[in-house]
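Undergrad: The structure that follows is given in the form of structure tokens.
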Amino acid sequence: MVRTAKGMLVEYALRFPPLAVEFEFNPESLTRSRSVTFDSSALPIADFRTPAESNRIGQAASAAAETISFDILLDATDKLSDTSHPMHNVALVSGIEPEIATLRSMLEPKISGPIPSQIIASLGGASAHAHDRDEHLSVLLFVWGTHILPVFMTSLNIEEQAHLPLLKPYRAKASISLQVLESDNPFYQVEKVQRMIMSAANMLNSPLPF
């Protein structure tokens, strides 16, 4: 069996251990999307004729944050068939439920504080007011290839495809959507530098259109 590259989603937080899911990552498709809105009423464009006017015209445009979406396969078949695998017994009992639970937790509000107090609060043993509980979503690092990006998970769809006798899933497809956090975060700044280098390389190898 040919192994694909590893991908990972890991919580970017000052707590130990962080939420983390590692997966084989060689998707048939990965969609990176960005949209721009343009307010033509903000600036007149009738006199836009030369590159000198580009910066002025560009002030009327607003770019949304980049989004990334992809599918991954969660599969415990190897763990189930290999009795020497360290997670063999866990897979026999729970299949891939630990991975699914971790992904779901990445999309649920957290309560600040030590893990025991978080559990108590999530079970209703704390104030009913969200601002009193200091709830927040997890910031994640999406790691694939040479890329590491800070993100929020914005949607998660789990399609269970095969089950153990007690109906625990051991194979499932997870469809994940992320929003990139474009900021001064060092991981995002490295991504920007990589993008500039690749753009410069492309420009050097592309003929001018005029």
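The values are calculated or read from the model by the stated rules, or taken from the named source; none is laboratory data. Treat the numbers as computed from the prediction; the structure is a model and nothing was measured. Every residue, glycine as well, gets a Cβ built from its backbone with ideal geometry; the counts of neighbours run over all protein chains shown.
Undergrad: Can you give me the number of residues within the range 44-89 that are among the hydrophobic types (A, V, I, L, M, F, W, C) and over 16 Å from residue 170 (Cα atoms)?
TA: Residues of the range 44-89 among the hydrophobic types (A, V, I, L, M, F, W, C): 45-46, 48, 52, 57, 60-61, 63-65, 68, 70, 72-74, 76, 80, 87.
Going one step further and asking which of them are over 16 Å from residue 170 (Cα atoms), we end up with 45-46, 48, 52, 57, 60-61, 63-65, 68, 70.
Of the residues in the range 44-89, 12 are among the hydrophobic types (A, V, I, L, M, F, W, C) and over 16 Å from residue 170 (Cα atoms).
Undergrad: Report, by residue number, each residue of the range 79-105 that is under 25 Å from the mean Cα position of the chain (by Cα) and among the acidic types (Asp, Glu).
TA: 97, 99
Undergrad: Report, by residue number, each residue of the range 151-172 that is basic (Lys, Arg) and part of a strand (DSSP E or B).
TA: 171, the sole residue that qualifies.
Undergrad: If you scan the range 31-44, which residues turn out to be more than 23 Å from residue 179 (Cβ to Cβ) and either exposed (fewer than 13 other Cβ atoms within 10 Å of the Cβ) or at pLDDT 75 or above (or both)?
TA: 40, 41, 42, 44
Undergrad: So, one more: Give the residues of the range 8-30 that are closer than 18 Å to residue 140 by Cβ and exposed (fewer than 11 other Cβ atoms within 10 Å of the Cβ), sorted by residue number. Working first, answer last.
TA: Keep residues of the range 8-30 that are closer than 18 Å to residue 140 by Cβ, which gives 8-23, 25, 27, 30.
Those that are closer than 18 Å to residue 140 by Cβ and exposed (fewer than 11 other Cβ atoms within 10 Å of the Cβ): 14, 16, 17.
Undergrad: Condition check: of a type outside the set (Asp, Glu) and in contact with a His (Cβ under 7 Å, 6 or more places away or on another chain). Does residue 6 satisfy that?
TA: Working: of a type outside the set (Asp, Glu): yes; in contact with a His (Cβ under 7 Å, 6 or more places away or on another chain): no.
In short, no.
Undergrad: May I ask you to list the residues in the range 23-50 that are among the small types (Gly, Ala, Ser), in a loop (DSSP other than H, G, I, E, B) and touching a residue at least 12 places away in the same chain (Cβ under 8 Å)? Spell out how you get there, then give the answer.
TA: Initially, the range 23-50 is screened for residues among the small types (Gly, Ala, Ser), giving 29, 33, 35, 40-42, 46.
After this cut, where a residue has to be in a loop (DSSP other than H, G, I, E, B) as well, the list is 29, 35, 40-42, 46.
Within the range 23-50, 29, 35, 40, 42 meet the criteria.
Undergrad: Still on this structure, I have one more. Take the residues in the range 51-67 that are at pLDDT 80 or above and assigned to a loop (DSSP other than H, G, I, E, B); name whichever of them is farthest from residue 179 (Cα to Cα). Spell out how you get there, then give the answer.
TA: If we filter the range 51-67 for residues that are at pLDDT 80 or above, which is where we start, we get 61-67.
In the following step, the residues that additionally are assigned to a loop (DSSP other than H, G, I, E, B) were identified as 64-66.
Working: 64: 10, 65: 7, 66: 6 Å.
Applying the filter and picking the extreme gives 64.
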